Amino acid sequence: MADAKEEWKAHMNAAKNAEFFKELEHIKFQSRKLEREKIQSFSKRADYRPYYKDLDNLESSLNDDLRKERFKIDQHLAKIKNKVKAFKNQLKDMKATPEFVDKLRDTMEDIEVTINDFKQQQKKIFETLLYEENNTNHEIEIAMARIETISSSTTLANSKSKVPKQAQSTNLPPEVKDFEKYVSQFGNQGGWDDYDHSTFLKIRNKMKGKPTFIRLAVENIPGRSYEDIKDHEQWYRRFCELRDAKKTAILEWKLNKENEKEAHLMLKTTEDEDMKKKIQREKEQREEIEREKKKKELQDWKARKAEQTRLELEEIERTEMRKRKLKEKEQLKMAEIRDAARERLQMKKDERERERWRLEAEQEERRALKAEQTQMEIARFQLRVSCYLISILLVKL
């Protein structure tokens, strides 16, 4: 069963490898095809040299980066190859000693760490390339949509950028004149096209006017720098201020006209109490509507403020949570390293203790053997003395 499973895994790996090499060959073919197209296009660049200069510089920069990356990869692979070769040489001179085993273990760990570092570096590079590819595709899609929008709405944008002649009236309030003057200078979109301005408004409304929306706008509006969007934000704030002032002025102008009309009617119908009550009721209704409007605006502002505070607190809490998790992960890793070092130290200590016990036992055994030999010598000497004394006694007798 185990052999069949291993055979199936080997078959799947072989199929994956074959698919990978097939895809690699396809990519190489596409690369060669694009290279030929580039050469054919650049061969006619004498008439368009200013337009191809940036492409030449970009190609040179990319080729330099590619050569540097290949050099780094070759260095890493050579380093791993040399360590593996040294490990094989150590295996040839194998010795059954604890020191040799520790040395082999350290060498294997060093090779494993080197390979893992190389894999992590390559993983980071691949992730960066995928991220840049996604961003490039996103920017291309935005640019294409922008081109289509510009081509289909040029006439509409030009008509919107013109200020109606009917608005030039000396009877309008100063706020209306200021707004129309501002629009005549910068247009209804601050000099931007429909696509850029609409994208700007979508992002701004989505982020509720937070300063951080500028960076998001830079990523989603191709061709617009951070300073461009910051200037457009300042223009739009001024535009909103003048527009709101215009609306307020027109409303006040209408109210004044109505008040004048009401005063005129009151002068004409001073005896008509019903008319006075009606006018008073309408006035109170307008005042009530105005109060409700201001109350609602205040409630909306408080709600937006509370939501903004909640989001900021959530972001702070998420940041703190990430920091705590990172710290716990580092502490766990350090604890594992300490435990492994402690275990290795304990193993070496136990090995030294066993060796000491063995040496002590050998010494004790040698001492016992020596004592036994000494006792035997003493007994032999005593026997010889006894025999000598007996012989002397026998001679005297």
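Side notes on the structure shown:
- Segment residue 256-residue 215, length gained on full extension (0.36 nm per residue, minus Cα span): 10.3 nm
- Fully extending the segment from residue 330 to residue 66 would add 91.6 nm, taking 0.36 nm per residue of separation and subtracting the current Cα-Cα distance.
- Ligands, DNA and RNA excluded, the heavy atoms of residue 253 present near 120 Å² of accessible surface to a 1.4 Å solvent probe.
- Protein-only accessible surface order, largest first, of 364, 351 at 1.4 Å: 364, 351
- Sites residue 234 and residue 321 - FRET efficiency at Förster radius 25 Å, r taken between beta-carbons, to 0.05: 0.10
- Using θ = phi - 60° and Karplus 6.51 cos²θ - 1.76 cosθ + 1.60, couplings along the range 276-289 (whole Hz; Gly, Pro as x): 4, 5, 4, 4, 5, 5, 4, 5, 5, 4, 4, 5, 5, 4
- Estimated distance in nm for a label pair at residue 387 and residue 118, the labels positioned 7 Å out from Cα along Cα-to-Cβ: 8.1 nm
- Residue order for 73, 337, 203 - accessible surface, 1.4 angstrom probe, largest first: 337, 73, 203
- Accessible area per residue was computed with a 1.4 Å probe on protein heavy atoms; residue 321 scores about 80 Å².
- Separation of the residue 345 and residue 104 label points, Cα + 7 Å toward Cβ, nm: 2.7 nm
- Rounded to the nearest 10 Å², the accessible area of residue 353 at probe 1.4 Å: 60 Å²
- Enclosing the Cα atoms of the range 185-237 in their convex hull gives a volume equal to 74 cubic angstrom per residue.
- Taking label positions 7 Å along the Cα-Cβ direction at both residue 19 and residue 132, the computed distance is 2.8 nm, reported to one decimal.
- Distance violations [Cα-Cα > 31 Å] among 247/276; 123/210; 68/230; 305/327; 181/202: 123/210; 68/230; 305/327
- ³J(HN,Hα) computed for each position of the range 225-240 - Karplus, 6.51 cos²θ - 1.76 cosθ + 1.60, integer Hz, glycine/proline x: 7, 4, 5, 4, 5, 5, 5, 5, 5, 4, 4, 5, 4, 5, 4, 5
The values are calculated or read from the model by the stated rules, or taken from the named source; none is laboratory data. Everything numeric in this text was worked out from a predicted model, so none of it was measured. Quick reminder, even Gly has a Cβ in these numbers, built from the backbone with ideal geometry, and neighbours come from all protein chains shown. The protein model used for the area step is the full one, side chains on, heavy atoms only, and it has no ligands, DNA or RNA in it. Shrake-Rupley method; radii C 1.70, N 1.55, O 1.52, S 1.80 Å.
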